[in-house]
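Every number in this text was worked out from the coordinates using simple rules, so none of it is lab data. Since this is a predicted model, take the numbers as computed values, not measurements. Please note: Cβ atoms are built from the backbone with ideal geometry, for glycine as well, and neighbour counts cover all protein chains shown.
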Amino acid sequence: MKPAPISEDDLHAWADGRLEATRRAEVEAWLAEHPQEAAALAAWRQQNARLHATFDPVLAEAVPARLRAAVAGERWRPPRAAAALGWLALGAVLGAMWNAPGWNAPGGARHADDHAQPADALIGLPRRAAIAHAVYAPEQRHPVEVGADNEQHLVAWLSKRLGTPLRVPELGALGYHLMGGRLLAAEAGPGAQFMYDNAAGERLTLYVSAARSGDTAASLPSFRFAEEEGISVFYWAENGFAYALSARQPRAALLPVADAVYRQLAP
């Protein structure tokens, strides 16, 4: 019998370690054929581990005296009242950290503009762009699908798939030259990745995807910064499309390149 298609629920269950053996083997076989999704799930597992390491000790702590006092004197208490109070305390801690600067992004990404966080459409963008960079930038034989020697075809192909005319920034003045690009699976449909390198062999990637229909972040012209697992990402949205420039470089080194890309792609 042919295995059932791999669903998002299967992927979440695999990341959480909740799949029975047969289905887990089917999911792992599917992941072996889909390296981008495998990298994303590995990031999910790493995020889960960080959350457990951070918050599991909170669950083991004694219930604070002020919370015990809040229910003191009640004649009836649910059997799991202490556990409920523990979760209430954890919720307060999570809420405080979620609203603290630099914590309200997946994977602990620290954003430059902490007083005005982007709308939901862009919250996951830097992480998706960083994962795509981490997967393809190290490749030596197949870093791109279509090389820069066939740039006209590359741009026409990706423009057709994304449903909008794409422009490839010219970064020669900054020492970077186009290597080529590839088609990606993005959150709202097809996405594109353009890759550049310089004489030192340093690579950077430009990730382009459509913003989800109806999202308030369909136009967020000022670009923002995030760092994901050592990868710097500048990102923004313009006229319904999201852009992210990624590289394993310090923020200060990537900033002038991001500024040049942003200015060339601005309407």
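Below, the figures for the structure above:
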| item | result |
| --- | --- |
| Peptide ranges 195-202, 15-22, 128-135 listed from the most packed, as the mean C-beta count within 10 angstrom indicates | 128-135, 195-202, 15-22 |
| Inter-label distance, nm, simple model (7 Å from Cα along the C-beta direction), ASN198/ARG23 | 4.8 nm |
| 3J(HN,Hα) from dihedral phi, the stretch 234-245, Karplus parametrisation 6.51/-1.76/1.60, rounded to Hz, x for glycine, proline | 9, 9, 6, 10, 8, 6, x, 10, 10, 10, 8, 9 |
| Karplus 3J(HN,Hα) series, Hz, for the stretch 127-137 with 6.51 cos²θ - 1.76 cosθ + 1.60 (x for Gly, Pro) | 5, 4, 5, 5, 5, 4, 5, 5, 6, 9, 4 |
